[in-house]
Amino acid sequence: MRTKSVRCIALLLSLICFSGSLLAQSNSLSTPPDDFNEWLNRRVDEITKARINQRNNTNQSETSSVSSNTTSLVDKSSASDLVGVAVNLAGLSTESSEMKASSMSATVSAYAFKAAAAGRNPLDPGFYNANRDWRRVSFTLGFDYPAGKVGDINERAVTFGIKFLPYDKRDASVDQQCVVVDSTTGQRTTSGCVRLVSGALKESGVGFAKITRLVEDFLLHELATSNRIDPSLLTNPLQFTRDYLGTNFPKKLLPLLTEADVKRVDDIISDHIDPFVKFSDTTRSAIEQIRKKPQASFEFLTTQRKENRPDEYVAKFIADLGVAPRLNFTLNAAFAYQDNKLMKDNRGGMVAAALQFQLTPETKLAGRMPWLFDVSYQGSAMTNMTPMHIGQAKVTIPLWEGFELPLSVSLANRTELIKEKDVRGHFGITFDVARLAQAFKGKYLGGHP
Amino acid sequence: MGSFGNKGKRTVRTSIDGVAVNVTNGEHLNYKLTALGAVPVFNLSCEHRTLFSETDFGPPKMDYEREWPKDATEKDSNDDVYVFSLSFLKATKYTLVVERHDATHQVLEVLKDIDYESDDPADAFREALRVFSS
């Protein structure tokens, strides 16, 4: 028996985030504003983020841990997505009779078909809320080719799946309840998530009205008294707004502003930033809590291959439960069957459970990620194979913004080749390019329009 | 096409930031909002308070329309800033059209005609209009 030993694997680079997240981070500042309102909204957003960064790095206050690059809570799948895959599958693509794509797949809910059949816009809020049950069922259709065999019909694998969510508290039409913590008393109360966000939006609307007046009055006074615009506009603010704001702002007024003017605008915004920080905190907390609402699903997936290549069938149960604000539990159970056609078939099952603890309250939005502790178990048994059990404990340590150090210890009852117990330890460095870019931009580029 | 927030896209067809409204003669502003998604969240606020929000219109729907001022109590000042705020928590797209109408509801001018889209539920936008009313 081999004695237990810990192996270290140095510098695993993982989780490199490109394209979508990086582009999302550059959304606000890379393109010039279309009008005055867009410019002012962006400045408010930047100062809000800066204030949250500053607060989180000094006070360690508890805020949401949701990344800024989240996808919509609304189901936007379209029937045409699945139809597109089916058309390519049948070789009916208008581009060419050849199958150019190496792989393609789409997952669409039954709701999308319901909306298409009814001739209704699937994002009509009334129709969306009235047909929630149709979103419990979704279909997956896809195909792929082994490497080097793209276009070979005989090598193509077709995947078809169906998923049913009998219990889903994350659907956007559900009126989820959110827990609110009073920052001064620490008292916890429960209220509707949408209601909380709506309330915070109202306060920020009043705040934005005040900021708009102060900024407009400042710009008018400053530019008129310095003769950068016609001084007579001082007594005609309506004419000033119509001549120099709106869509005239980027070309007529923005070029006249000095760095000192922009700084003064930022000072005005900073003095009235509290409602926007509150809105940001409230919204992100609501998103986090909605995404952690319990969900259970049953899924069936099959991969079909031609001739003597094996077909696969998997039936799976997944339960994802947000047990507490910082505790998440996931359970998977699956039965797999492989039809080998020429040889004995394989069948078996897999069970996995994972518990994730968020140890510290740092936000993922700005500043460091929180400390995470994960405990997981996976067991699998297939015919003609020795059952395998793997246990893992992992700690993810945030070093600084954009860099994390995961340390894990895994225990397995067998390696791939030897039927002996194996203990491995891993450590690595991960860095998030998008978060690094945001940190760099915030510290060094200043965010000037 | 403009941008806002984390993933917001904004398409401006008309954007005028100041208007004179002769409320005494029956002129008023007309707000029309088209919303796509599950639950639109929006409100109209001035420097003093919020005048209306999505909860004043019943269950979620696609089309909303509202005049301002509904009555004399909705005008707090002859020079005020009115902000139409939009949240993308459970919505994906809004189209806002603001018009100045005469007493017979004829359109005198279009002040705002703008599309807002975002896939990030954390995004929001605030559209301000300074109103000089008499």
**Report entry** For residues of A:41-54, the mean tally of beta carbons on other chains within 10 Å
**Finding:** 2
Query raised in the report: For A:Thr330 and A:Phe300, what is the calculated FRET efficiency with R₀ set at 25 Å and r taken between the beta-carbons, to the nearest 0.05?
Result: 0.80
**Report entry** By average C-beta atoms within 10 angstrom, highest first, the peptides B:70-81, A:117-128
**Finding:** A:117-128, B:70-81
Query raised in the report: For the pair B and A, how large is the buried accessible area, both sides, in square angstrom to the nearest 100, if the probe is 1.4 Å?
Result: 4900
**Report entry** Positive-end residue of A:Ser204, A:Val179, A:Gly161, charge dipole of segment A:147-215 with Cβ unit charges
**Finding:** A:Ser204
Report summary line: Within 10 Å of the Cβ of an average residue in B:31-37, the count of other chain Cβ atoms is 3
**Report entry** log10 of Debye I(q)/I(0), alpha-carbon scatterers only, for chain B at 0.19 Å⁻¹
**Finding:** -1.10
Query raised in the report: To the nearest whole number, what is the average tally of beta carbon atoms from other chains within 10 Å of the beta carbons of peptide B:112-119?
Result: 2
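Could you work out how much longer the chain between A:Asn413 and A:Val323 gets when fully extended? Use 0.36 nm per residue separation minus the Cα distance between them, nm to one decimal. Don't skip to the end; give the middle numbers.
On the way: separation 90, 0.36 × 90 = 32.40 nm, distance 2.98 nm.
Value of the extension gain: 29.4 nm.
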Query raised in the report: From the phi of every residue in segment B:118-130, what ³J(HN,Hα) in whole Hz does the Karplus formula 6.51 cos²θ - 1.76 cosθ + 1.60 yield, where θ is phi - 60° and glycine or proline is x?
Result: 6, 9, 9, x, 7, 6, 8, 9, 10, 9, 9, 9, 8
Query raised in the report: Under 17 Å from the 7 Å Cα→Cβ point of B:Thr55, by amide nitrogen: which residues of segment A:184-215?
Result: A:189-206
**Report entry** Estimated distance in nm for a label pair at A:Val375 and A:Asp152, the labels positioned 7 Å out from Cα along Cα-to-Cβ
**Finding:** 4.8
Report task. Return one whole number: the accessible area per residue of chain B in Å², for a 1.4 Å probe. Result -> 33
**Report entry** Span from the segment A:281-353 Cα centroid across to the segment B:1-60 one, whole angstrom
**Finding:** 43
Query - Above-threshold pairs, the threshold being 24 Å between Cα atoms, out of A:Lys49/B:Lys90; A:Lys114/A:Lys169; A:Lys149/A:Lys306; A:Lys49/A:Lys293; A:Lys49/A:Lys263 - result: A:Lys49/A:Lys293
Report summary line: One finds the C-alpha centres of segment A:383-397 and segment A:132-186 to be spaced, in Å, by 25
Report summary line: Heavy-atom accessible area per residue of segment A:134-198, all protein chains kept, 1.4 Å probe, expressed in Å², is 53
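The values are calculated or read from the model by the stated rules, or taken from the named source; none is laboratory data. Being a predicted model, the structure only gives us computed values, none of them experimental. Here the Cβ is made from the backbone with ideal geometry for all residues, glycine too, and neighbour counts use every protein chain on show. Each accessible area value is taken on the protein alone, full model and side chains, heavy atoms only, with ligands, DNA and RNA left out. Shrake-Rupley method; radii C 1.70, N 1.55, O 1.52, S 1.80 Å.
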